[in-house]
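The values are calculated or read from the model by the stated rules, or taken from the named source; none is laboratory data. As the structure is a prediction and not an experimental result, all values here were calculated from the model. When we count neighbours, we look across all protein chains shown, and the Cβ atoms used for this are built from the backbone with ideal geometry, even at glycine. For accessibility, only protein heavy atoms count, side chains too; no ligands or nucleic acids. Shrake-Rupley method; radii C 1.70, N 1.55, O 1.52, S 1.80 Å.
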Amino acid sequence: MEPVNTMSDALGADFSSFVHVDLDDVENNNNDSGDVHCVSASTQALFQNDEDGEDERDTDDSCTDNSNVEKSGTTLQRRERHGGGTLSLPDTFQTSHLLFYERFKAYQDYMLGDCKPSEVKVFTADYLEKVVEPCDWLALWSTDVFDVLLEVHDVVLKDLKACVKLVLPMQCDTRGCELSEEAMNSLLEATQHKIPLQELHVVYEESGDFDQTALALEHLRFFYKHIWRQWDEEDEDDDFDYFVRCVEPRLRLYYDILEDRVPAGLVAEYQSLLEKCSQCFQQFSVLRSVLSPDSDSELDSVSMVEGLKLYDELEKFKRKLHIIENPLLRYVLGYKGNPRQHCVESRGPRASGVKVIHVVTASCSTVQLQSLLTARLLPLCSCGDTEIQFHREPVSAVDSCHQGDVVIVLPGIYNVNSSIFIPDSITVEGFGFPDDVVIEKTNKGDSFVESSGADVRLSNIKFIQHDAIEGILCVRQGSLNMENCVLQCETTGVTVRTSAHLNMNMCDLYGSKGAGVEIYPGSVCSLISNGIHHCKDGILIKDFADELDVMPTITMENNVIHNNEGYGVIVVKPNTGVQHSIPRNRNEASPTSSSSAAQPKSKENNSTDGDIASFSGRRWQFSRQLSRNKETCSRAVQDLMDHQIFISIQGNQFRRNGMGDFGTFFY
């Protein structure tokens, strides 16, 4: 996995050497970002409890001056060299295992501050001037082909380079080539003995004198490998805080990808977008360099038209990258991807025409078996071409299914380690109440249950999800009919992809850190008599249809949507410049932006709105409406009926949703 955040132009990323980091959701990250400790080798000091707030402030005060660092001994670990080649090269400092908040603090407080994109190099040089030793230190010049020991006798900070000379006798470790001392000196002469600082790794020394130099070069190296983009300083709107708009979201994405918090499909899409954007920028730069502003020739006119096309394409790629890099936009907009690339191939009907009933149980009593035989097996086996197979767990049963098969899961708790893929039209039912038939996923993965069959039916089962990145259940294509199920989420809930159909009846869904149900353009979703509660948002509807999509079609009847942190129902729409919202009373005007939207009365909601607005920028707005007392249900229903995506909405109840029963998100 080499995101470079979807992150580095032509520069790859190696995530395997980083430690585990737990990141909170967007709002918690924003609130915590100012309370972290200074860069420190002790990771425990970075994550103290809130009760230690006073100690944290004392620690922060002691770190306000980056130059006041105790040098009684090194606080960094030694990075020992392993493997083949010459073993005479010295060890270097281990600096790659830095935590998110260590890098966050370094870039925010010391290296970049509130600089603009055009000021990044100046601010970086100023930071390096304060912490990098000016001369007389040893470093390894590391490339893909060789590592060689050099001595630094000067630094040219405005060029981010070091003046070096070869240490004699030469100490070098090569990979796939032979380099003599004469050849290395020739190579150094070709570079005028100036090497980019990010290619140097400081040689380990226990005195502590070079700790800050090693850390500074690590921050520089990481920044230009994973954060900086070639096109960043090309932005016409240069008057913005580069750290807030670009560095923080890209840094968060890097660690989200590292911690498997981003779906594999989205990571692949991000990498592809970065590559395309980089290629487009290179083509645009070359074309721009050969254009003459004063020329009226036909060739230059053609090149100008081509340049405008490339510029538009570049801006399109940059917007898509921004959506993936911004945690909040990534949550509400998600990604389309190619739904078919994730689907297991359908097996179709058996050639013999035989249909199989798969019974899942580790063991059962004679009473259970007799009840199963009477209630289900005999009716299903009325025709002669039916077999019965027994399985100890549900994954193997589903994997053995062909079109038309039935899976009956007997009461018990079934722990599964892999995702459940349903590519054929089958029925999976629990034999009993949902709380008695439990399927629990115990490890990480992109999703828990994925349905792509033309007519899939689930009933009477409780699903418990742990760490499934894409959610507890994803309907990628085809139709899923789910009845009397319980969905206990830990990350995100049910996702209905474009062109997919979901009929969800009498189900209970709770615990999602994202939306309980995410509905994509072009999908058909029927929600009847469900409970959706204690999620970040109840239902999130993605109404950003373009020329290739149509709006989703939704039926909502007799649902109880309550106790969600955000909205009961939130609709995501493109910002067309005219936003409509139902006012809190009939005499109020409809707001058109976040600044004129109806203001909540509680301080908590004010704080939440401020965090969202400050984090996500000015090109999209929230337009929300909070229900009041007896108007709770009727007002939300009226709001929802204003959207053409609903073909039926009646009998729903909305209660105690933190930000209101209905909201619209404009991007």
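The table below lists the values:
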quantity: Residues within the stretch 101-138 that are more than 19 Å from Q230 (Cα to Cα), open to solvent by 10 Å² or more (accessible area, probe 1.4 Å) and not polar (S, T, N, Q), tallied; calculated: 17
quantity: In the stretch 494-511, the residues that are open to solvent by less than 20 Å² (accessible area, probe 1.4 Å) and farther than 17 Å from L266 by Cα; calculated: V494, A500, L502, M504, C507, L509
quantity: Contacts under 6 angstrom Cβ, first residue in the stretch 525-544 being within 19 Å of V486 (Cβ to Cβ) and open to solvent by less than 10 Å² (accessible area, probe 1.4 Å), partner in a loop (DSSP other than H, G, I, E, B) and not hydrophobic (A, V, I, L, M, F, W, C), 6 or more apart; calculated: L527/N559; N530/N559; C535/S512; C535/N564; G538/N564
quantity: In the stretch 245-263, the residues that are open to solvent by 60 Å² or more (accessible area, probe 1.4 Å) and either among the polar types (S, T, N, Q) or part of a helix (DSSP H, G or I) (or both); calculated: R245
quantity: Search result, residues across the stretch 553-575 that are of a type in the set (G, A, S) and assigned to a strand (DSSP E or B); calculated: G568
quantity: Subset tally (residues that are modelled with pLDDT of 85 or more and either open to solvent by less than 10 Å² (accessible area, probe 1.4 Å) or over 24 Å from N443 (Cβ atoms) (or both)) for the stretch 465-488; calculated: 16
quantity: Which numbered condition I408 misses (of (1) modelled with pLDDT under 95; (2) touching a helix residue (DSSP H, G or I) at 6+ places or on another chain (Cβ under 7 Å)); calculated: (1)
quantity: Close pairs from the stretch 646-666: first assigned to a loop (DSSP other than H, G, I, E, B), partner at pLDDT below 90 and of a type outside the set (A, V, I, L, M, F, W, C), Cβ under 7 Å, at least 6 apart; calculated: M659/N605; M659/T608; M659/R624
quantity: Meets criteria (in contact with a Cys (Cβ under 7 Å, 6 or more places away or on another chain), buried (at least 20 other Cβ atoms within 10 Å of the Cβ) and modelled with pLDDT under 95) for E450; calculated: yes
quantity: Among the residues listed as Y204, Y242, the single one being open to solvent by less than 50 Å² (accessible area, probe 1.4 Å), under 23 Å from Q77 (Cα atoms), modelled with pLDDT of 85 or more and among the hydroxyl-bearing types (S, T, Y); calculated: Y204
quantity: Any hit, the stretch 228-235, residues being polar (S, T, N, Q) and buried (at least 19 other Cβ atoms within 10 Å of the Cβ); calculated: no
quantity: Residue within the stretch 166-177 that is outside any strand (DSSP E or B) and at positive phi present; calculated: yes
quantity: Wholly enclosed strands (runs of 3 or more DSSP E) of the stretch 345-445 bearing at least 3 residues within 22 Å of E483 (Cα to Cα) and of a type outside the set (D, E); calculated: 355-360, 406-409, 412-416, 420-422, 427-430, 437-441
quantity: Residues of the stretch 647-658 that turn out to be closer than 18 Å to E565 by Cβ, among the hydrophobic types (A, V, I, L, M, F, W, C) and surrounded by fewer than 24 Cβ atoms within 10 Å (Cβ to Cβ), as a count; calculated: 0
quantity: Looking only at the stretch 184-201, and only at residues there that are among the hydrophobic types (A, V, I, L, M, F, W, C) and not in a strand (DSSP E or B), the one that is surrounded by the most Cβ atoms within 10 Å (Cβ to Cβ); calculated: L197
